[in-house]
Amino acid sequence: MSTKAEFVTFRIGGQIFGAAVADIQDVFRPHSIAPVPRAQREIAGLLNLRGRIVTAIDARTRLGLADRPADAPAPLAIGFERDGETYGLVIDEIGDVISLDVGALEHNPVNLDPIWASVSLGVHRLDDTLLVIMDIDKMLGLVGVDASQAA
Amino acid sequence: MDDLLSDFLTESAENLEVIDVELVRFESQPHDKDTLNNIFRLVHTIKGTCGFLGLPRLEAVAHAGETLLGRFRDGALKVTPESVTLVLRSIDRIKELLAHLGATQVEPEGDDRELIAALEAAAEAAPQAADPAPPVEDLMAEMALDPDIPPEGEGRWDADQKRWLRPGEVSLADLEAAFRAADGPADIVNVKQPESDEPETKKGAVGASTIRVNVEVLESLMTMVSELVLTRNQLIQMVRAKEDSEFKAPLQRLSAITGELQDSVMKTRMQPIGSAWKKLPRIVRDTCQDLDKKIELEMEGETTELDRQVLELIRDPLTHMIRNSCDHGVESPEDRVAAGKPATGLIRLRAYHEGGHILIEVADDGAGLKTERIRQKAIERGIVDPSEAHTMTDQQVHRLVFAPGFSTAAKVTNLSGRGVGMDVVKTNVELIGGTVDVRSKQGEGTTFLIKIPLTLAIISALIVGVAGQRFAVPQLSVIELVRAGGEQKIEYIKNTRVLRLRDRLLPLVGLADVLDVRGGGSGGGSGDGRAAASDFAYVVVMQVGETRFGLIVDEVFDTEEIVVKPLSKRLGQIVEYSGATILGDGSVILILDPNGVAKSVAGVERSVRRAVNAEADPETAAVQKMSMLLFRAGGEEPRACPLSLVTRLEDLDASTFESTQRGMVVQYRGKLMPLVHGAGMHCIAREGRQPVLVFGQGEHAIGLAVDEILDIIEERLDIEIADTAPGVLGTAVLKGRSTQIMDIGYFLSQADERWAVATTQSDAPQPRQRVLLVEAHPFFRNLLGPLIGAAGYDVTIASTPEEAMQRMTRSGFDIVVADADAPDFAAKLKSAIEQSKSPETALIPLSSRGDCEAGDIGPAVAKSDRHALLNALEWAARSRSRAA
């Protein structure tokens, strides 16, 4: 019998990503983000989530994608907690929670963009699309960020 | 951990601290029975509890220590520094054992026989008192112990411990009885010594009404109150928006209560600073023993309270400073006596409140800082460059002791000079938003001053806006708020903005520049050069350490009490911020770190500081500091010329250069400009680009072609060798490299006949004569200043007769070279010289028209005729030395 794991799916640009349900604190609509001058580009800024200061990280910038078009629907953010600090990953759209076979995770294709490869744990083949499983710590830039990616 | 054990550990730790202090006092006042009793009682308590908890090693050490103390108490043994050291050693051993106990809950392996033997030997060495009974009786009474206890030395069986008592030991049952009979320890002291003013003994009375609370509980309480304060602020803002709300009255009450709660919780975090001082007497004592010095430590203001977080952070810096004062501050007794001071040095530690801050002074009455030694050391260590060091005031030099990597200890002792120095103190103090400073007077002593905020958790902040975004500036570093514009307008030195503030030049930086945000903001904040600055700007005058600067912002909102929240790990490395906070309206704003901002100001501040120095101390700074343009022209070594001589830096197309009979020319701004090259005409490029320094005076522009423009630096120009090579004024060390200072006048003369002057150097007259050059035109100031200097004179420069007169009243000059072009210059100076201390000073008038007569002073020397000027100077100098 194979082990199943649950993933929350979300869309950044055209790509569907997945993150382990257990990792995710909550999903919220970010508003009035205060930018942090002099911070790295992917830092969207700070926001107030129920009295807590959340560091928001823009997933598009982090992944080297184009900025969100002006007419796009308002973005969402996924909240994560790491070392007592709250982070928000700003994404385009949230999807369903799906259950996947752990054994079915495939390695990153070798020709995957290095930034993407650094934040991807592997790929799941779904019926109609590919699901990239995201390494949240790396995505948030908390571990294993070398200078070239952080820039 | 066992409750009993942990209580014992906490209590013993406190007791031991007291013992340290008391023992040191006891050593100096061996006849103070109360002190001895107090020590005895504390050691006894530790020993008793050890036995109760089954800690044989501790008990044995404590017992041996107690026995020796008992000898002191009986008067059987004279108190000597050696014996006190021995007792202190036993206390140290007890501390070690306790530390191990705290970590592992068991006593460490090992034995203390050697120490115990030493203690016992010291105790035995005592000649037996002829009749020990009466003093013991006395003491027992004083201790409120049961006098029935027989004198020590008689072996007795203790039923509770199932063993024979050691010499001087009291059975547990007796002890129990004695303690029950006794009033609280506080009372003993108060009853026995009602007239005592000692703070230690007073503190005892407070002890009874206090309880121990875990620090974590206090911390979480503090966090919750902080949140409550924020929520209240939010509510107030919401209700304020409504015209009349039923919530208003209850909210007001809530607000008041929250405020009080906040105050109370803050109070729970407050601790008297004395608790950080307890170790110090012991440190001073040990240091004195090691160094063979005699130092008395005087403490004042122990009860001054401050946040325990702050307290923890200043504990180590303070210890270090005290050690430092003992080691470097106070001289040896012999030196002191030789200097006519009492052999015993004094270190005064003082703490007091001053407007939201605590000030701590560490003052010694030692020899004071050795200014020259520090200056020399700072140069050796590369902390300041030599030229800068010599223009610094004594106060500035003294502050160099806080520079990283600075330690003046001639010999490395085990106390200080271990690589960490006052810079660590400074860093630690600045970490908590404090500042350090030093004042010193040769022969009279040195005072270090620490200024720290009362608390860290909630701070008062000024909310400012730039580029449409708000930021919080900690009020602690804000000195004042200035609206610049109109009379008080922002001025420029090159592209550096400064503000004249009460006769001081204040360096300015735009917050927008610091944070690299532009657009959205109006005017002042987003100033990248002159054009962007509007007439009006808000300037937040800030002080960080010794750096004072103005921060230009777009908007200023009000001040708010904010709760500092740390930034996430992801943002921690940005030095400009110290944290973030949520404002009353729910928005998140960043808190600027004044230290971080100051760092980005440092460059600006450096250049302005010179200007400030020049104002404050014109004698030393005015002439030497000069902006120099570094370039390469033929050869690898850099060459330089005063930047102020250069009108423009150009990069011209070499194909547009034309050869004429008189040399190369180029079409430049609609006129023909002669071109020369620093290393000869053949070096001028024939194709591609050619960097050219354009010198212009009036109608005439002259281009000096160079190989490469290297840098612009600001340095004290000290021409060392008057070089005889044509076109070179001399050599100066700039940026650590020997650099030829170009004689621009020579090149100008090559290019334009009007500038034709002889290039031979005159022999420098002996000794160096002091020349005051008074010249209105900056071009000539910069041209002639180095020229006269290079000819071997000591030059001081003034730009107005008024300035010149000021200089003259301060110091005498041999020769005054004055601009005769400007109206009244020469005449004013002539009368000034006649009224000055040295009326025989020679006056050489200068004119741009070589042939003119300067009033009644005589024929003027042409400014462009360097040869004539040098001859005139030499002539004047010779006649002066003949006269003298």
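Can you tell me which residue in segment B:259-273 is surrounded by the most Cβ atoms within 10 Å (Cβ to Cβ), limited to those that are modelled with pLDDT of 85 or more and within 24 Å of B:Glu22 (Cβ to Cβ)?
The selected residue is B:Ile273.
Step by step: first the residues of segment B:328-347, then only those that are open to solvent by 20 Å² or more (accessible area, probe 1.4 Å), out of contact with any Lys or Arg (no Cβ under 9 Å at 6 or more places or on another chain) and part of a helix (DSSP H, G or I), then the one that is nearest to B:Lys278 (Cα to Cα). Which residue is that?
Only one residue fits best here, namely B:His328.
Could you tell me whether B:Ala580 is crowded, with 21+ Cβ neighbours inside 10 Å and more than 11 Å from chain A (Cβ to nearest Cβ)? Steps first, answer last, please.
Values: crowded, with 21+ Cβ neighbours inside 10 Å: yes; more than 11 Å from chain A (Cβ to nearest Cβ): no.
No, not satisfied.
Exactly one of (1) away from chain B (no Cβ under 11 Å); (2) within 23 Å of A:Val97 (Cβ to Cβ); (3) surrounded by 22 or more Cβ atoms within 10 Å (Cβ to Cβ) is unmet by A:Val54. Its number?
(1)
With the checklist (1) within 13 Å of chain B (Cβ to nearest Cβ); (2) in contact (Cβ under 8 Å) with a residue 40 or more places away in the chain; (3) of a type in the set (Gly, Ala, Ser); (4) crowded, with 20+ Cβ neighbours inside 10 Å in hand, flag the one item A:Gly79 doesn't pass.
Going through the list (1) within 13 Å of chain B (Cβ to nearest Cβ); (2) in contact (Cβ under 8 Å) with a residue 40 or more places away in the chain; (3) of a type in the set (Gly, Ala, Ser); (4) crowded, with 20+ Cβ neighbours inside 10 Å, A:Gly79 breaks only (4).
Has segment B:679-689 got any residue that is part of a strand (DSSP E or B) and either closer than 28 Å to B:Met628 by Cβ or at pLDDT 75 or above (or both)? Steps first, please.
We begin by selecting, within segment B:679-689, every residue part of a strand (DSSP E or B); these are B:689.
Now narrow it down to the ones that are either closer than 28 Å to B:Met628 by Cβ or at pLDDT 75 or above (or both): B:689.
Yes, segment B:679-689 has at least one match.
To keep it simple, each residue is scored yes or no on (1) under 25 Å from B:Leu306 (Cβ atoms); (2) at pLDDT below 80; (3) of a type in the set (S, T, N, Q).
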position: B:Glu169; (1), (2), (3): no, yes, no
position: B:Ala177; (1), (2), (3): no, yes, no
position: B:Gly204; (1), (2), (3): yes, yes, no
position: B:Val229; (1), (2), (3): yes, no, no
position: B:Leu235; (1), (2), (3): no, no, no
position: B:Glu243; (1), (2), (3): no, yes, no
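Kindly evaluate A:Thr61 against the criterion of being surrounded by 17 or more Cβ atoms within 10 Å (Cβ to Cβ), among the polar types (S, T, N, Q), within 14 Å of chain B (Cβ to nearest Cβ) and not in a strand (DSSP E or B). Lay out the reasoning, then the answer.
Working: surrounded by 17 or more Cβ atoms within 10 Å (Cβ to Cβ): yes; among the polar types (S, T, N, Q): yes; within 14 Å of chain B (Cβ to nearest Cβ): yes; not in a strand (DSSP E or B): yes.
Spelling it out, A:Thr61 is indeed surrounded by 17 or more Cβ atoms within 10 Å (Cβ to Cβ), among the polar types (S, T, N, Q), within 14 Å of chain B (Cβ to nearest Cβ) and not in a strand (DSSP E or B).
Taking the criterion of being away from chain B (no Cβ under 14 Å), without any contact (Cβ under 8 Å) to a residue 40 or more places away in the chain and not charged (D, E, K, R), would at least one residue in segment A:127-149 satisfy it?
Scanning segment A:127-149 turns up at least one residue that is away from chain B (no Cβ under 14 Å), without any contact (Cβ under 8 Å) to a residue 40 or more places away in the chain and not charged (D, E, K, R).
From the set of residues in segment B:583-593 that are open to solvent by 10 Å² or more (accessible area, probe 1.4 Å) and at pLDDT below 85, which is nearest to the other protein chains (Cβ to nearest Cβ)?
The qualifying residue nearest to the other protein chains (Cβ to nearest Cβ) is B:Gly586.
Give the residues of segment A:4-51 that are more than 14 Å from every other protein chain (Cβ to nearest Cβ) and either among the small types (Gly, Ala, Ser) or touching a Pro at 6+ places or on another chain (Cβ under 6 Å) (or both), sorted by residue number.
Correct list: A:Ala5, A:Gly13, A:Gly14, A:Gly18, A:Ala19, A:Ala20, A:Ala22.
Mind checking which residues of segment B:555-571 are open to solvent by 50 Å² or more (accessible area, probe 1.4 Å) and either within 10 Å of chain A (Cβ to nearest Cβ) or of a type in the set (Ser, Thr, Tyr) (or both)?
Within segment B:555-571, B:Thr559, B:Pro566, B:Lys569 qualify.
Considering (1) open to solvent by less than 10 Å² (accessible area, probe 1.4 Å); (2) touching a helix residue (DSSP H, G or I) at 6+ places or on another chain (Cβ under 8 Å); (3) within 14 Å of chain B (Cβ to nearest Cβ), say which one A:Ile91 fails and leave the rest.
(3)
Listed here are the residues, each with its yes/no results for (1) surrounded by 21 or more Cβ atoms within 10 Å (Cβ to Cβ); (2) more than 14 Å from chain A (Cβ to nearest Cβ); (3) on the phi > 0 side of the Ramachandran plot; (4) not aromatic (Phe, Trp, Tyr).
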position	(1), (2), (3), (4)
B:Ser460	no, yes, no, yes
B:Gly468	no, no, yes, yes
B:Val473	yes, yes, no, yes
B:Leu481	no, yes, no, yes
B:Ala484	yes, yes, no, yes
B:Glu491	no, yes, no, yes
B:Asn495	no, yes, no, yes
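Consider A:Ala117 carefully, then state whether it is touching a Pro at 6+ places or on another chain (Cβ under 9 Å), of a type in the set (A, V, I, L, M) and in a helix (DSSP H, G or I).
Yes.
Find all pairs meeting these conditions: Cβ atoms under 7 angstrom apart; at least six residues apart or on different chains; first residue within segment B:11-37 and open to solvent by less than 40 Å² (accessible area, probe 1.4 Å); second residue among the aromatic types (Phe, Trp, Tyr).
Listed pairs, sorted by first residue: B:Asp32/B:Phe26; B:Thr35/B:Phe26; B:Leu36/B:Phe26; B:Leu36/B:Phe72.
Criterion first (closer than 30 Å to B:Arg25 by Cβ and either surrounded by fewer than 17 Cβ atoms within 10 Å (Cβ to Cβ) or without any contact (Cβ under 8 Å) to a residue 24 or more places away in the chain (or both)) does B:Glu300 satisfy it?
Criteria met by B:Glu300.
Name the residues in segment B:221-231 that are within 13 Å of another protein chain (Cβ to nearest Cβ) and either open to solvent by 40 Å² or more (accessible area, probe 1.4 Å) or of a type in the set (Ser, Thr, Tyr) (or both), would you? First the steps, then the outcome.
Kept after step one, since they are within 13 Å of another protein chain (Cβ to nearest Cβ), are these residues of segment B:221-231: B:223-224, B:226-231.
Scanning segment B:221-231 gives B:Thr223, B:Met224, B:Ser226, B:Glu227, B:Leu228, B:Thr231.
The values are calculated or read from the model by the stated rules, or taken from the named source; none is laboratory data. Small disclaimer: the values here were computed from a predicted structure and weren't measured. Positions of Cβ are generated from backbone atoms using ideal geometry, with glycine treated the same way; all protein chains shown enter the neighbour counts. Keep in mind that these areas ignore ligands, DNA and RNA; they rest on the heavy atoms of the full protein, side chains included. Shrake-Rupley method; radii C 1.70, N 1.55, O 1.52, S 1.80 Å.
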